[in-house]
Amino acid sequence: MSEIDKVLAEVEGCLDSSLERLFALLRIPSISTDPAHAEDCRAAADWCAQLLRDMGFEASTRETSGLPMVVAHHPAATPDAPHVLFYGHYDVQPPDPLELWNSDPFEPRRETHEGRERIVARGAADDKGQLMTFIEACRAWKTVTGGLPVEVTILLEGEEESGSRSLGPFLDAHADELACDLALVCDTGMWNAETPAITTRLRGLVHDEVVVTGPSMDLHSGMFGGPAHNPIHILARIVAALHDANGVVTLPGFYDGVPELHPEQRREWDALGLDEAQWLARIGQASAAGEKGRTILEKIWARPTCDVNGIIGGYTGEGTKTVIPSRATAKVSFRLIGEQDPMAIRDAFRKFVRDHLPEGCGAEFFSHGASPAIEIPADSPPLAKARKALEEEFGRPPVHLGCGGSIPIVESFKRVLGMDSLLIGFGLDDDRIHSPNEKYELSSFRHGTRSWARILAALAE
């Protein structure tokens, strides 16, 4: 029996004890956004650090201005092996509304649904189940061989679900310690339960808030309606003008640096056979918005977008109040692709707003962050090794997916630590992350652990 076969056998033989450890972590209500759970978050960090120390890692919790980080190091069994940084987060979303849970969100349980066994608890998929697949893969390697095939650093944060406010300063302060050859991020998903995936592209993000100001005070709409500028009307016209009739964003220069999808990538995504009508029906829609002539997968993985996430203005309470408000606010986000410059997009949006203001009206702007798009080169050697390892585990090649959302930590790893990332996760679209009755398929946990064991071996080759 080969070394990797022995490691995989260890994973299988210890699956129940691996789940016991996962369940112990899931029982800790580490809700980072709620100050009432700050001690629970610290307890989760301490639990992770002790688990890693028990496995032979040099591990500790590190204080920050917010919640602690967990940092652990383990040498490779052989000299000159690659050095990887694994990133995950031990904090979770609030479980509310509690009445929609079928069981206690912090008392994990196993249940069978349509013939498939699953783990149900807050954090089961996001991200405790995912990070434990990597840790349990390391445990199997340690048990069988006494070491790890690559040098491993682990970084677990406790504020991912509440803005990661301490992460940037921590990376800056500990860059020398955390810089590695490659980052591994397990906060993504598969195409389906039988098809693994590697996320090779992440859209960037610009968040901006605009406050349009008009009259110097709120006005009676009967006495002033007509001649007085209404900031809600102004803002509505601006919002409407951000897209043309074909769903194209109208900001000048918006598409600078946006490449067309490579034909080979288009063929791979087309071969996935997404039923667009079914996809739309799942969200209660009968037709697709966005750029005409683009597929749904292309729109969410390979095209930039502009969305208004909220509009506030005037009286919004019960009943009526005939008022012309003095100000109106919109929160706007842009998802970016390719070489789009986040600051250029933000500046173009602000100029667009100002150019559409009537004389005597003004606008204030508040930035809520910006990050560029990320794409892993198709010829990346670590990508090829991970692809081979996943194909050996699942019996079919992984799909190279895009991600409609943004994972700012990946950009930070590149900018601050100078390293690329491999984004390999085992979640599924129906895992109900951030929702009541969050679950993680037992097959995801099992295949995830086995896959990481294979990937560690492949990266060492």
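Data for the structure
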quantity	calculated
Matching residues in segment 139-165 - criterion: being polar (S, T, N, Q), modelled with pLDDT of 95 or more and closer than 23 Å to residue 90 by Cα	153
Residue list for segment 70-111, restricted to those being of a type in the set (A, V, I, L, M, F, W, C) and closer than 20 Å to residue 21 by Cα	70, 71, 72, 86, 92, 106
Residue list for segment 116-143, filter: among the basic types (Lys, Arg), over 25 Å from residue 435 (Cα atoms) and surrounded by 24 or more Cβ atoms within 10 Å (Cβ to Cβ)	139
Filtered residues of segment 237-265 (kept if closer than 24 Å to residue 328 by Cα, in contact (Cβ under 8 Å) with a residue 12 or more places away in the chain and not in a loop (DSSP other than H, G, I, E, B))	237, 238, 239, 241, 243, 249
Cβ pairs under 7 Å, 6+ apart, first in segment 272-293 and at positive phi, second outside any loop (DSSP other than H, G, I, E, B)	290/299
Segments classed as strands (runs of 3 or more DSSP E), wholly inside segment 40-148, with at least 1 members that are more than 23 Å from residue 14 (Cα to Cα) and in contact with a Phe, Trp or Tyr (Cβ under 6 Å, 6 or more places away or on another chain)	69-74
Close pairs from segment 58-75: first free of Cβ contacts under 8 Å to residues at least 24 places away in the same chain, partner of a type in the set (A, V, I, L, M, F, W, C) and outside any strand (DSSP E or B), Cβ under 9 Å, at least 6 apart	58/52; 60/49; 61/45; 61/48; 61/49
Selection within segment 329-366 - free of Cβ contacts under 8 Å to residues at least 40 places away in the same chain and among the hydroxyl-bearing types (Ser, Thr, Tyr)	none
Segment 291-313, subset surrounded by 17 or more Cβ atoms within 10 Å (Cβ to Cβ) and of a type outside the set (A, V, I, L, M, F, W, C), residue nearest to residue 400 (Cα to Cα)	298
Matching residues, segment 388-424, being within 22 Å of residue 94 (Cα to Cα) and modelled with pLDDT of 95 or more	none
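The values are calculated or read from the model by the stated rules, or taken from the named source; none is laboratory data. Fair warning: this is a prediction, and the values are worked out from it, not measured in the lab. A quick note on method: Cβ atoms are made from the backbone with ideal geometry, for glycine too, and the neighbour counts reach across all protein chains shown.
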